Every structure is written in C-alpha cells, then in structure tokens.
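This report concerns only the one structure given below.
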Amino acid sequence: MPLVVNLADVSDSDLPLVGGKASKLGEVVRQGLPVPPGIVVTTDAYRAFVEQTTVGTILEESLTALDLSQGEAVDAASRRIREAFESTAFPPALKEAIVAAYEKFSADEGIRFVAVRSSATAEDLEGASFAGLQETYLNIRGTEAVLDAIRRCWGSLFTPRVLIYRAKKGFDHRAVRLAVLVQKMVDSVVSGILFTRDPNTGENHMIIEAGFGLGEAIVGGEVTPDHYVVDGVSHRIVVKQLSDQAFQIVRAEEGGNKRVDLPEVDRKRQKLPDEKIHRLASLARVIESHYRRPMDVEWCADDRSLYIVQARPVTTIPALDAGKPPGSPTPSNAPFGGAPPSSADTEPIVRGFGASPGIAGGTARLLRTSQEMERLKPGEILITTMTTPDMVPAMAQAAGIVTDEGGITCHAAIVSRELGVPCVVGTRTATKMIPDGETVSVDGKAGAVYRGLAFSKAAATAAGAAASSSGGGHGGGSDHSHVPVTATKVYVNVGVPEKAVEYARLPVQGVGLMRIEFIFTAHVRDHPLALLKQGKRDQLIERLVEGITKVCQAFHPRPVIIRTSDFKTNEYRGMPGGEEFEPHEENPMIGWRGCSRYISEIYKPAFLCELEAIQKVRVEKGLKNAMVMLPFVRNTWELEEIAGMMREKGLKRSRDFQLYLMAEVPSTVLLAREFSQHCDGFSIGSNDLTQLVLGADRDSETLGRMGYFDERDPAVKRAIELLIEGAHAEGRTVGICGQGPSVYPEFAEFLVRQGIDSISLNADTVVSTIRTIASLEQRLKLDGVRRGAA
C-alpha cells in the first residue's frame, strides 16, 4: 500500500492512487516537459488516516444524515467533518512515512518552500474539472506546516461547495478520495492559464492569459490578465490585449502569500514576452498531441524558465458556428452571430469576455460576497466583482453570471461552462453600471449585457439549443429534438458509472464502450487475483455487478457494450496485491493482455468473475441490454475457448445477447471473414490498430512528435476498409470507439463513406459530431443523386 510516491513515477493509469491533478502532471513529466518536482501523498494514505482514526466514524455519520436541500445542515456537516480532519493526529506509522518521504525530497531538491495541492480521484476529468473547489496552499515551509496543510487539503474534500458540486455532477461522496501533491514552489514572476482550443467558440487557436506574480489572482478573478491569441496552425500571435494590473500576489518573506501594488510603469506592460508566448504554445501543443484532445494548461515562469503546473481536459468545447470561418469575430451586439437583440436599444450596458455561451434574461442580483448568496433566487442574473468557489451553489441556480474581473480561464468562466450557464467576465464596471433589481439580458457568447429582456423568445431558444449542443453539462436535461437523425448509429463511451444517468440523456443509441477496468480501479481497487486469494470472490463480483448495473439501468433498453478487462501487466502490477501475480514485461503493450489473459490458467478465475457479474446483471437485475466485447483478440482458437467459458456462465450468443470483438490486431483485419464466424460485430480500436499497422509505439514521444502515429495514415485507412469489406460480406457490423471522428472531420467523412455502422464518442463531442455526420450523409446522398442524373 504505497503511502507516498514520486510525481515522476505516476501516470494516468494511477488516477485512483494519486488523483486527477497528479496523474496528469505525471504524464506531462513523462513527455519531458518542465514540471516542478514533487511527491504525492496517495489516496491510500488518505484511506489509512480515515480508517485508523475517529475521522471515519464522523465522516460516515455526517454523510448518512446529509440533506443537500438544507443549507444550514450542509454547513454544519461540512464543519464537523473538516474539524475532524484538521484536529486529528496522524497515526504514527503514517506520519513517519510522510515525514521521511518529505524530508528526503526536501534534501534532494534543495527545498525552501512548497506548494501543497489537492488531487482528488474526481478531479480534472472530462465534464468535471472541480475548478478551485479543493484547497491548495502555496509557499508552505517546514515539516509540521506541510503535515497541517495535508490534513486541511483532505478536509477540503467536504466543504459545502464541494458537496453540492459533487452531487450535481453525480459522484458518490464516499467513493471519492483525495491525494495530496507536494511540489517545489516556483518563485513566479508571471503566471497564467492556456487553452489549446478556444473554449468559448471551439476555434483552432490557443488562448493565453498572463499576469504578474502567482496565478491565484487570475484563477480567482481578482485581476484581469493580459489576453493573447495564438493561431493554431501558424503559431502567429494574432491578438494581444494588455491589461491594467494594479497588484500582484507574491511570496511573503516568512512564507505564505502577500499582495504587492505594482508601480504605474509596470501595470500596463506586456506580462509575457513574445518569445515566451511561442515557447509556451509549443509546450501546450505537445500536451494536446499526447492527450489528443483540447487541454486547459496552468503555467508559471520564474526569471529563467517556464513550468507546467496543471493540465486537464477542457470540460466544454462548443461546435463551430456553421458557415463561420475560423477566427472571425462574433459581433458584440449579435447573439451567436445571428440577429441583434429585439430591443430597440442595441447598445450593451457593459461588454466583457464571452465566457460561457447562451443568452438569458432576468432580474440582476448584485452580490458583493459569498455571504449574500441567499439573496439570489433561482432564475436571476448574478452580478459580482468576481466569483469564488464558495459561490458555486448560487452559480448553479443563476440564469446568467456577470463579473467585473477575470478572463475566460477564471473560476467563473470554467464553472459556468460546466453548469451550462451563460456568463460574461471582465466587464470592469458591471457592479457599478447595473443596479440591483434591474432587468437585464446576458449574451454569454458575444460577451455583452443589455437592459431589459433584449432577446426574442426564438433567439433565446436557439441560443439555449446551441449552448447545450456544444457540450455544456453533456446534455443533462437538454432538449435534443433539434439534433438531426443519422443513418450511422452514434453511441457514447462511459467510463465512470456515476456519470451514466447524465450521459443517458444524450441523443445516442446506447453505450458503445464501457471499459470494465474503470470499475476495477474506482470500485474494486485491489488486484482481482489478490481478492480471490483472500477469499473475497463474492465481494469482487458484487462490486462489478453494482457498477455495471448503474450504467445498464440508466440506458435501458438501449444496448450497453461492456468491454471486458484489458489491463496490461504494468498497469495491473500497480494495483494493491498486483506484484505477486504480474510478470515484468519489456513491452506490455503487445504482451499478456486481452484475450490471452482469459485463457491462461493464472488469470482465468478472475475473468470468470467478470462473466458471472455480467450474467447476474442480465438475469438477476433483468437488464438484458448488457452485451460483451472482447479486447485485443489475436486468434480464432482463443475465441473458441473463451466462448466455452461464456457458455459455462450462461452467456451464449443469441437474438438478445451479442458478442463483439475489438479490431486492434491486424490479424482480425486480414481474417475478418473468419473472425466473423465467432462474433456479431467489430469495434475498431484505432489507437492499437494504428500502433500495430505502422509499427509505431503509441507511447513514444519521439515518434508522436515526428508525426508517425496518425490514424489517418493511408495504411491504417486501408486496414479499416478491409475490415468493413470483410465483416459486411459476412453480415457483421463494424463500429469505432475513439476521439478520431470528432477531432478530424475528414476522418469522420472517410468512415461514413466506407459505410461504418456506428461511431462511439466521448460525451462532450456527441452532439457536434452527430451534426458533422448528418452533414456528411446528406452530402453523400446529394453526390449520388448528381451522379445518377449525369
């Protein structure tokens, strides 16, 4: 049970152990990018602290009695839990392990000050960034101060705002654990945030915001930063908007932070020189290339170097306006590039940055502090100098949000995009120009606020549809009647079972990929063979049943395709109890994984537990929409043996139970007709197929930068053609699960032209990709008509 690990040793696969922030930073370190060195106090340390002290009892009592509809009760429960964390002494063995690791780290790196940062297992995920909700403590000095900050970070997992936000996002309070990242403190002279894609429009340019000193003032919206726009193709700086920064936050001599007024000569100076803007853009492009999706990157710089201090997926990326060329501005008096407000007075009261798309009208409610939140009634427009994490409950019920300070990367912007609430930030004067109680309208895309109910009902409806279709909230409660119907079936990928209810509201035909290993990492935790050795077989099966049931119930009667486990040896070895059962492999990517595990005498008992859990869901829960997909299939003879195991557990191919194969190994492509005799369809795993067709290690940073790993390569596309041709000849379906069709429109067009039967997508790209597919299908139909006429 690792209590402390080195940041350089972790990766995305360690998320359950080190949390979202640390796991993603570990990946950045592995890309060779500059990250301040650090150690991670793991979720196992958190669990040991809770289970070995009275905190566990207090936590269970408080969460059991929690009623989120009662504000005072939430505050009281939160206060009791946090006081328990902060006042309880560390168990001796746990304290000894943390102190030893910290003091070694401090000596090795020459540490004077550190940042102590929360890293929760439900953090920095797609659809839920938890921006600023858990605590971070900067410029901490000394062992005892670090221990105290760790306990306060743990307690911040249960502040009122986090309890409310977590419930809204569908996470189980008991299942979420917190790791703590301790990093060498950078003496920042400038810091900020970067989006690799415009989070408000989805256009292919980078947004960089920069301010003097520590980044807390920018994230908290206390200052309006410089705003730079870098073209995503040419890397030219196309916009430079310099701000007037009155003060900066810097390290105090004795530790902690202090505010320092800036001299008049520096206030309007460019915060980040051009050469560092270009360098930062290059670093961010490597991160985006690694994750293959738009990323939100926090950075800082001292007198010598730039550093990456956080990287997370952008939680909401809208589709580009139809017919609007990339980079073209939206008129400041036109909602979503369409008709201007219906009011005769088209001049906005204030303008700022459009931070979250959509339009809304209502009574302006001016709030100076979070203590005034109760004054805001549902459907009113929140007007404030800047939002803080304490204001999340009010933000969740506001119809629109307007702030004086902040840029499109501040707390108000990030949280409002996730909540799907129209938001305008950085207006400078909204709290002075908009009286409390006045009726106003907010255009969250154009960045403008108008007097009165300025937009027609039709415009409001259209804007609301556009906002919801861009991914805000992933469609929770949205009306998807405007989404076109496509001949190509569209499914959604589900990772965390707790998100199933929300994703089930999307206009999809079902779940195209549910990775069972997410249930292992989030709900089971221990290596399955270790649990079996401990006599905990029933417990293992029950946890799998619980996770699978959540997803199948949410989507019933639509199919849920459950991909059985595909851990590699290096990933399984990292699970508690895994070292005893997992060999060391030089290249686990093409080693003991997928179906080869299932037919081995060592792992077979664990695979049978997976099958038994799926059958229990189908029979005991009555959820016949649970289907199975096998990963990393190499040979037909292994399928024959696995089919026998499935029949033993009552899972036999029939009209109401389908078996699918992942098409990742070239043998399945070359022998598609033969493999078709053993399944009902295929799903292309484009990452592995690309890797094996091109002989390009998908984890190789060098090859990635050189452009070798690309599913659009002609050889990969030819492999896909062969698979579709062979499968269709035998009456089998072919789908694909992955980012490619949503990231590359030309790849989506290729798939549709080849007659792909289905595409399974991440939730945030579903609606925009459906539109792309519908447009492609319509164009193909018109092309066919024209050819016929000719």
query: From the list 500, 487, which one is open to solvent by 10 Å² or more (accessible area, probe 1.4 Å) and of a type in the set (A, V, I, L, M)?
result: 487
- prompt: Checking residue 188 against (1) modelled with pLDDT under 90; (2) open to solvent by 10 Å² or more (accessible area, probe 1.4 Å), which test does it fail?
  reply: (1)
task: Quick one: residue 72 ticks every box in (1) within 29 Å of residue 289 (Cα to Cα); (2) open to solvent by 50 Å² or more (accessible area, probe 1.4 Å); (3) assigned to a helix (DSSP H, G or I) except a single one, so which number is it?
output: (1)
- request: Return a yes/no flag: does region 673-687 have any residue that is over 30 Å from residue 282 (Cα atoms), free of Cβ contacts under 8 Å to residues at least 60 places away in the same chain, in contact with a strand residue (DSSP E or B) (Cβ under 8 Å, 6 or more places away or on another chain) and open to solvent by 10 Å² or more (accessible area, probe 1.4 Å).
  value: yes
Inter-residue pairs, beta-carbon under 7 Å, first under 16 Å from residue 44 (Cβ atoms) and in region 82-102, second open to solvent by 80 Å² or more (accessible area, probe 1.4 Å), 6+ apart: 91/52
- request: Return the pairs, sorted by first residue and then second, in which the second residue is open to solvent by less than 30 Å² (accessible area, probe 1.4 Å) and in a helix (DSSP H, G or I), the first residue lies in region 548-559 and is within 9 Å of residue 504 (Cβ to Cβ), the beta carbons are less than 6 Å apart, and the residues are 6+ apart or on different chains.
  value: 551/497; 551/500; 554/500
query: Taking residue 90 and the conditions (1) part of a helix (DSSP H, G or I); (2) at pLDDT 90 or above; (3) not basic (Lys, Arg), which numbered condition does it fall short on, given that it satisfies the others?
result: (1)
- request: Restricting attention to region 546-602, report how many residues are part of a helix (DSSP H, G or I), closer than 21 Å to residue 697 by Cβ and open to solvent by 10 Å² or more (accessible area, probe 1.4 Å).
  value: 7
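When you scan region 438-454, how many residues do you find that are open to solvent by less than 10 Å² (accessible area, probe 1.4 Å) and at positive phi? Don't jump to the end; show me each part of the working.
Taking region 438-454 and keeping what is open to solvent by less than 10 Å² (accessible area, probe 1.4 Å), we get 440-444, 447-450, 454.
After this cut, where a residue has to be at positive phi as well, the list is 447.
Residues flagged as open to solvent by less than 10 Å² (accessible area, probe 1.4 Å) and at positive phi within region 438-454 amount to 1.
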task: May I ask you to verify whether residue 200 is touching a Phe, Trp or Tyr at 6+ places or on another chain (Cβ under 9 Å) and closer than 22 Å to residue 444 by Cα?
output: yes
- prompt: Looking at 282, 234, which one is under 28 Å from residue 22 (Cα atoms) and surrounded by fewer than 17 Cβ atoms within 10 Å (Cβ to Cβ)?
  reply: 282
task: Looking only at region 369-378, decide whether some residue is in contact with a Ser or Thr (Cβ under 8 Å, 6 or more places away or on another chain) and closer than 23 Å to residue 224 by Cα.
output: yes
task: Go through region 42-58 and give me each residue that's open to solvent by 10 Å² or more (accessible area, probe 1.4 Å) and in a loop (DSSP other than H, G, I, E, B).
output: 52, 53, 54
- prompt: Quick one: would you say residue 673 is over 32 Å from the mean Cα position of the chain (by Cα) and part of a helix (DSSP H, G or I)?
  reply: yes
statement: Listed by first then second residue, the pairs whose first member lies in region 373-395 and is among the β-branched types (Val, Ile, Thr), whose partner is at pLDDT below 90 and open to solvent by 40 Å² or more (accessible area, probe 1.4 Å), with beta carbons under 7 Å and at least 6 positions apart or on separate chains, are 385/405; 392/164
query: Hey, residue 302 hits all of (1) surrounded by fewer than 18 Cβ atoms within 10 Å (Cβ to Cβ); (2) over 30 Å from residue 234 (Cα atoms) but one; which does it fall short on?
result: (2)
- line: Per the filter on region 28-41, residues in a helix (DSSP H, G or I) and at pLDDT 90 or above are 28, 29
Which listed residue, of 369, 429, 387, 439, is polar (S, T, N, Q), within 30 Å of the chain's Cα centre (by Cα) and over 29 Å from residue 311 (Cβ atoms): 369
query: Out of curiosity, is residue 140 aliphatic (A, V, I, L, M) and crowded, with 24+ Cβ neighbours inside 10 Å?
result: no
- request: Go through region 351-384 and give me each residue that's of a type outside the set (D, E, K, R), modelled with pLDDT under 90 and outside any strand (DSSP E or B).
  value: 352, 357, 358, 369, 370, 371, 373
Counted residues, region 626-656 - those being part of a strand (DSSP E or B), crowded, with 20+ Cβ neighbours inside 10 Å and not β-branched (Val, Ile, Thr): 4
query: When region 370-405 is examined, which residues are found to be more than 16 Å from residue 71 (Cβ to Cβ) and either surrounded by fewer than 17 Cβ atoms within 10 Å (Cβ to Cβ) or of a type in the set (Ser, Thr, Tyr) (or both)?
result: 379, 384, 385, 387, 388, 403
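Answer yes if at least one residue in region 166-184 is touching a Ser or Thr at 6+ places or on another chain (Cβ under 7 Å), crowded, with 24+ Cβ neighbours inside 10 Å and more than 30 Å from residue 56 (Cβ to Cβ), and no otherwise.
The answer is no, given that none of the residues of region 166-184 is touching a Ser or Thr at 6+ places or on another chain (Cβ under 7 Å), crowded, with 24+ Cβ neighbours inside 10 Å and more than 30 Å from residue 56 (Cβ to Cβ).
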query: Take the residues of region 421-459 that are assigned to a loop (DSSP other than H, G, I, E, B) and of a type in the set (A, V, I, L, M): which is modelled with the lowest pLDDT?
result: 454
statement: In region 757-774, residues that are open to solvent by 10 Å² or more (accessible area, probe 1.4 Å), hydrophobic (A, V, I, L, M, F, W, C) and modelled with pLDDT of 90 or more total 0
task: For region 199-301, please list each of the strands (runs of 3 or more DSSP E) lying entirely inside it that holds at least 3 residues being free of Cβ contacts under 8 Å to residues at least 24 places away in the same chain.
output: 257-261
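The values are calculated or read from the model by the stated rules, or taken from the named source; none is laboratory data. Quick caveat, the model's predicted, so the values are computed rather than measured. Virtual Cβ from ideal backbone geometry, glycine too; neighbours counted across all protein chains shown. Just so you know, the surface numbers come from the protein's heavy atoms only, side chains and all, with ligands and any DNA or RNA stripped out. Shrake-Rupley method; radii C 1.70, N 1.55, O 1.52, S 1.80 Å.
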